[in-house]
1. Output the helices (runs of 4 or more DSSP H) that fall wholly within the range 34-152 and possess 2 or more residues being surrounded by 17 or more Cβ atoms within 10 Å (Cβ to Cβ) and touching a residue at least 24 places away in the same chain (Cβ under 8 Å), or say none.
2. In this structure, is Leu24 touching a residue at least 40 places away in the same chain (Cβ under 8 Å), surrounded by 15 or more Cβ atoms within 10 Å (Cβ to Cβ) and in a helix (DSSP H, G or I)?
3. Please go through the range 43-79 and give me each residue that is of a type in the set (D, E, K, R) and within 30 Å of Asn33 (Cα to Cα), ordered by number.
4. Residue by residue through the range 17-37, note down the ones that are out of contact with any Ser or Thr (no Cβ under 8 Å at 6 or more places or on another chain) and under 15 Å from Ala68 (Cβ atoms).
5. Residue check: is Asn18 open to solvent by 20 Å² or more (accessible area, probe 1.4 Å), without any contact (Cβ under 8 Å) to a residue 24 or more places away in the chain, assigned to a helix (DSSP H, G or I) and under 28 Å from Arg97 (Cβ atoms)?
6. Return yes or no: is Leu109 touching a Gly at 6+ places or on another chain (Cβ under 6 Å) and of a type outside the set (Lys, Arg)?
7. Mind telling me which of the residues Leu69, Leu126, Leu84, Leu50 ends up being in contact with a Ser or Thr (Cβ under 7 Å, 6 or more places away or on another chain) and either at pLDDT 95 or above or more than 18 Å from Leu24 (Cα to Cα) (or both)?
Amino acid sequence: MTYEEMKDVFCDSLRLLNKNLFWLEKSFEKAKNLNFESLTEEDIEKLETLSNRFGRSVDILINKTLRALDILELESTESKLDILLMAEKRGFVKDFRQLIALKDLRNELAHEYIEEALLKKFKEVLQSTPMLLETVYRINLYVKDKNYCSQF
């Protein structure tokens with residue numbers, strides 16, 4: 001794969017991530033002030049939508065965007081840990097463990113079926129979403145500074 005092709009793959013994944021974050025932010029705004037003591041059916045739907053968008057965004061961030069950036073910059077992508085460590089080194093997060101926590105939460109959401117535990121996970125998504133948004137904001141600044149993608 002040529003450098004230009006690698007750059008295209010990275011920019012496509014970043015565009016996809018930003019598109020998903022647009023919808024994640026909309027869901028977050030609808031859900032951030034919900035009263036967990038008296039949730040309605042509509043509130044649960046808002047939380048489920050937020051959680052789905054959160055999980056998809058985390059997947060795109062780690063499995064596509066950060067991996068593609070490492071490939072573009074000729075960094076090791078042998079393990080997810082390598083990818084997360086490079087994200088910390090680039091300043092996208094203060095501690096790579098924050099990204100591990102996002103990925104773990106995404107995985108837990110996918111396998112949680114008990115309503116009480118699911119509500120706890122919804123609260124964690126609400127608490128974690130601002131950090132996810134900030135991480136992608138930092139990636140966008142980095143990309144703009146490096147002039148990798150024309151739309152940034």
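1. On the way: elements: 41-59, 67-72, 80-89, 96-110, 115-146.
Here the list reads 41-59, 67-72, 96-110, 115-146.
2. Values: touching a residue at least 40 places away in the same chain (Cβ under 8 Å): yes; surrounded by 15 or more Cβ atoms within 10 Å (Cβ to Cβ): yes; in a helix (DSSP H, G or I): yes.
It is true that Leu24 is touching a residue at least 40 places away in the same chain (Cβ under 8 Å), surrounded by 15 or more Cβ atoms within 10 Å (Cβ to Cβ) and in a helix (DSSP H, G or I).
3. Step one: list which residues in the range 43-79 are of a type in the set (D, E, K, R), which gives 43, 45-46, 48, 53, 56, 59, 64, 67, 70, 73, 75, 78.
Scanning the range 43-79 gives Asp43, Glu45, Lys46, Glu48, Arg53, Arg56, Asp59.
4. Within the range 17-37, Asn18 is the sole residue that qualifies.
5. Working: open to solvent by 20 Å² or more (accessible area, probe 1.4 Å): yes; without any contact (Cβ under 8 Å) to a residue 24 or more places away in the chain: no; assigned to a helix (DSSP H, G or I): yes; under 28 Å from Arg97 (Cβ atoms): yes.
Taking the combined requirement at face value, the residue does not satisfy it.
6. Working: touching a Gly at 6+ places or on another chain (Cβ under 6 Å): yes; of a type outside the set (Lys, Arg): yes.
Here the answer is yes, as Leu109 does meet what is asked.
7. Numbers: Leu69 fails: in contact with a Ser or Thr (Cβ under 7 Å, 6 or more places away or on another chain); Leu126 fails: in contact with a Ser or Thr (Cβ under 7 Å, 6 or more places away or on another chain); Leu84 fails: in contact with a Ser or Thr (Cβ under 7 Å, 6 or more places away or on another chain).
That would be Leu50, the only listed residue that is in contact with a Ser or Thr (Cβ under 7 Å, 6 or more places away or on another chain) and either at pLDDT 95 or above or more than 18 Å from Leu24 (Cα to Cα) (or both).
The values are calculated or read from the model by the stated rules, or taken from the named source; none is laboratory data. As the structure is a computational prediction, the values presented were derived from the model and not from experiment. A quick note on method: Cβ atoms are made from the backbone with ideal geometry, for glycine too, and the neighbour counts reach across all protein chains shown. For accessibility, only protein heavy atoms count, side chains too; no ligands or nucleic acids. Shrake-Rupley method; radii C 1.70, N 1.55, O 1.52, S 1.80 Å.
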